[in-house]
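Q: Quick one: structure below, then a few questions.
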Amino acid sequence: MQDVENIVNGQKLFLKPEYQEVLKNKKQFEGSAGAVAPEKVAEIAEWTKSWEYREKNLAREAITVNPAKACQPLGAVMVGLGFENTMPYVHGSHGCVAYFRTYFTRHFKEPTPCVSDSMSESAAVFGGLANMKDGLRNCNALYKPEMIAVSTTCMAEVIGDDLNAFITGAREEAEGELDNIEIPYAHTPSFVGSHITGYDNMMKSTLEQLNPTKAERVLDEERINIIPGFEPYLGSLREIKNISKMFGDKIIMIGDHEEQWDTGAGEYKLYAGGTKIADAKTAINAKATISLQKYSTVSTAKTIKNKWKQDYVTCNPIGLSGTDAFVMKLAELTGKEVPSELKNQRARLVDAMQDSYPYMHGKKFAIWGDPDFLLGLVSFLVEMGSIPTHIVCHNAPRKGWKEDMEAILEKSNRADECNIWPNKDLWALRSLLFTEPVDFMIGNVYGKELYRDTKIPLIRIGFPIFDRHHLHRYSMSGYEGGINLLTWITNGILDQLDEETKNIAETDYFFDAVR
């Protein structure tokens, strides 16, 4: 069926007559077995677009369909890869870790280092201590890390494995092999929370376990920590570091995973970039810490504010006002004036916003993603006069997030048309789109089915994005990131405008070469 002289991809391969014949026969078999009744399928499909089905759909509690979130260990792995010479280590089955690696690799198009101690059926019954003892020694022997960041999966959590006891036992039996290895750990049960919870748990544990007690703190008045949160846009990390450098060389990003997933061609490096372990161990000495994602660092914030007694603030540098707040906070903490370069960047963003405002103003959007991502992007849409009609946050925190979103929407003169849907999935959004349609969707790759079903154009911003390349290399933070957001969204609108006006002698009176 394939021709070795002309290998074709799946798109064209399955259109060949022989494959079409197989598909036809398969459908006949399924129909004769009573599995397919085309008329009934069409009837039910149409009913799922109704208000009646919407009410049933939104009332769902016992099942999730097309979730807009991942599980805790995924976030823990990102934290581990944010520190130099660190190997993320997941205490659980090999299949789980394969999922985490492939998830990140498909988004970033780069290899994702991560190991597992491959718990099996026997470990599920008797516990995974033996796996931990062997796994940590093997990890050290094979990959020579300076730090091993340990997290857990469902299996380890259900049977109650104690990481502290297991790691202590592993060190004792390692005959000195693990003596010089830092091994921070966090319990990250996959069946509660989401990837941002796992990020928070791992970041909190890493900082607590690496740093001395408050009594041993040596205050450095010039140092400021920045915690990026679960950031899938590597360009955003670069942009934040570039802005920070304008205010001083003692502003340090804690958990900097930029280089790990953005290496150049040539010899592969297992460990690339990352926050220096020495800087992580002295994070307690900083004058202040800025978190760029409030809801990805809830527990981490408690450690820094309550245990370290350190100044702590959150800034979400997405869009104009969000970036303004971040820049002014840096100016306040460092006592320095805002550099002229940043003022020029801001002016360029404002100019670009004025150019594109007529196209974004009044457009209705459905948008989904993580809590902090949504707060930043909705703020930007409101700044542009757009209407965030449906805001879906599957992993919305129980406290605070909805109120924060409401405060942003209050700035819009169309706030009464905006709806917040915490803890809903993308199948629920499907009902919302059929009953209360919008002009555009903004979200990750899992909205592709929504685009196919509803025909509403999808502008890909968020995580994960598997079916487009290199978007993760751009920034969506800072003034430069604001221009990127503006470009993606406005050009998505203009693409659709061309689609709607290309019919010759019907709609092409507005098929213009200048927009």
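The values are calculated or read from the model by the stated rules, or taken from the named source; none is laboratory data. All of these numbers come straight from a predicted model, not from anything done at the bench. No Cβ is skipped: glycine too gets one built from the backbone with ideal geometry, and neighbour counts run over all protein chains shown. With ligands, DNA and RNA removed, areas are computed over all heavy atoms of the protein, side chains included. Shrake-Rupley method; radii C 1.70, N 1.55, O 1.52, S 1.80 Å.
Q: Which residues in region 426-456 have a backbone N closer than 14 Å to a point placed 7 Å from the Cα of residue 419 along the Cα-to-Cβ line?
A: Inside the label zone: 426-439.
Q: Specify whether the C-alpha gyration tensor of region 191-327 places it in the rounded, prolate or oblate class, a ≥ b ≥ c being the square roots of the eigenvalues: rounded for a/c under 1.5, otherwise prolate if a/b is larger than b/c and oblate if not. Walk me through the intermediate numbers first.
A: Values: a/c = 1.29, a/b = 1.23, b/c = 1.05.
Rounded, because the longest to shortest axis ratio a/c is under 1.5.
Q: Taking the Cα centre of region 341-436 as the origin, how large is its charge dipole in debye, to the nearest 20, when only Lys and Arg (+1) and Asp and Glu (-1) carry charge on their Cβ atoms?
A: 100
Q: Sort 268, 89, 19 from largest to smallest accessible area, using a 1.4 Å probe on the heavy atoms of the protein chains.
A: 268, 19, 89
Q: Select from 25, 514, 224 the residue farthest towards the positive end of the dipole of the chain; place +1 on Cβ of Lys and Arg, -1 on Cβ of Asp and Glu, and compute about the Cα centre.
A: In the chain, that residue is 224.
Q: Which is farthest toward the positive dipole end of the chain among 197, 176, 445, measuring Cα position about the Cα centre, with Cβ charges +1 (Lys, Arg) and -1 (Asp, Glu)?
A: So the residue furthest toward the plus end is 197.
Q: Calculate what fraction, in whole %, of the accessible area of region 88-146 sits on carbon and sulfur atoms when a 1.4 Å probe is rolled over the protein chains.
A: Percent of accessible area from carbon and sulfur atoms in region 88-146: 59.
Q: With +1 assigned to the C-beta of every Lys and Arg and -1 to the C-beta of every Asp and Glu, and no other charges, what is the dipole magnitude of the chain about the Cα centre in debye, to the nearest 20?
A: 520
Q: Work out, step by step, the length gained on full extension between residue 19 and residue 505: first 0.36 nm times the residue separation, then minus their alpha carbon distance; give nm to one decimal.
A: Additional length available on full extension: 171.0 nm.
Q: Also: What residues qualify as long-range amide H neighbours of residue 251, i.e. H under 5 Å apart, gap of 5 or more or another chain, H built at 1.01 Å from N?
A: 224
Q: In square angstrom, rounded to the nearest 10, how much accessible surface does residue 60 have for a 1.4 Å probe?
A: The value for residue 60 is about 60 Å².
Q: Rounded to the nearest 500, what is the 222 nm mean residue ellipticity of the chain from helices alone, with -39500 (n - 2.57) per DSSP H run of 4+ residues and division by all residues?
A: Using -39500 (n - 2.57) per qualifying helix, the result is -14000 deg cm²/dmol.
Q: Around residue 18, with a cut-off of 15 angstrom between Cβ atoms, what is the net charge of the other residues, counting Lys and Arg +1 and Asp and Glu -1?
A: +2
Q: Going by amide H atoms built from the backbone, whose H comes under 5 Å of the H on residue 419, apart from near neighbours?
A: HN-HN under 5 Å from residue 419: 390, 391.
Q: Next up: Amide H neighbours of residue 231 under 5 Å, counting only residues 5+ apart in sequence or on other chains, H built in-plane at 1.01 Å?
A: Amide H to amide H, under 5 Å and 5 or more residues apart or across chains, residue 231 pairs with nothing.
Q: Let a ≥ b ≥ c be the square roots of the eigenvalues of the Cα gyration tensor of region 103-236; is it rounded (a/c under 1.5), or, if not, prolate (a/b larger than b/c) or oblate?
A: Judged from the Cα gyration tensor, region 103-236 comes out oblate (a/c at least 1.5, b/c at or above a/b).
Q: At a 1.4 Å probe radius, carbon and sulfur cover how many percent of the accessible area of region 12-84?
A: Details: 2860 of 4680 Å².
Carbon with sulfur: 61 percent of the solvent-accessible area.
Q: Another question about this same structure. So if each residue of separation counts as 0.36 nm, and I subtract the Cα-Cα distance between residue 45 and residue 407, what length gain in nm does that give?
A: Details: separation 362, 0.36 × 362 = 130.32 nm, distance 3.75 nm.
Contour length minus Cα-Cα distance gives 126.6 nm.
Q: Sorting 96, 418 by accessible area (1.4 Å probe), largest first, what list results?
A: 96, 418
Q: Same structure again: With a cap of 14 neighbouring Cβ atoms within 10 Å, and only residues DSSP puts in a loop, list the chymotrypsin sites (Phe, Trp or Tyr not before Pro) found in region 418-466.
A: Sites meeting the loop and neighbour criteria: none at all.
Q: Given 37 °C and 0.692 mPa s, how large is the Stokes-Einstein diffusion coefficient of the chain in µm²/s, with Rh as the Kirkwood radius over Cα pairs? Intermediate results must be reported in sequence, preceding the final value.
A: On the way: Rh = 25.1 Å.
Calculated translational D: 131 µm²/s.
Q: Heavy-atom accessible area per residue, region 126-267, 1.4 Å probe: how many Å²?
A: Per-residue accessible area for region 126-267 comes out at 42 Å².
Q: Whenever you get a sec, compute what percent of the accessible area on region 330-391 sits on carbon and sulfur atoms (1.4 Å probe).
A: 47
Q: Using a probe radius of 1.4 Å on heavy atoms only, what accessible surface per residue do you get for region 308-434? Whole Å² is fine.
A: Here the per-residue accessible area is 42 Å².
Q: A follow-up question, please. Where in the chain are the DSSP H helices whose alpha-carbon span along the long axis reaches 24 Å or more and whose Kyte-Doolittle mean is at least -0.5?
A: 478-500
Q: What is the sum of charges, Lys and Arg at +1 and Asp and Glu at -1, for the other residues whose Cβ falls under 15 Å from the Cβ of residue 8?
A: -1
Q: To the nearest 20 debye, what is the magnitude of the charge dipole of region 230-278 about its Cα centre, counting +1 on the Cβ of each Lys and Arg and -1 on the Cβ of each Asp and Glu? Walk me through the numbers before you get to the answer.
A: Values: 6 positive and 8 negative charges, 41 e Å.
My answer is approximately 200 debye.
Q: Please give the contour-minus-distance gain from residue 168 to residue 515: 0.36 nm per residue of separation, less the Cα-Cα distance, rounded to one decimal in nm.
A: Contour length minus the Cα-Cα distance gives 118.4 nm.
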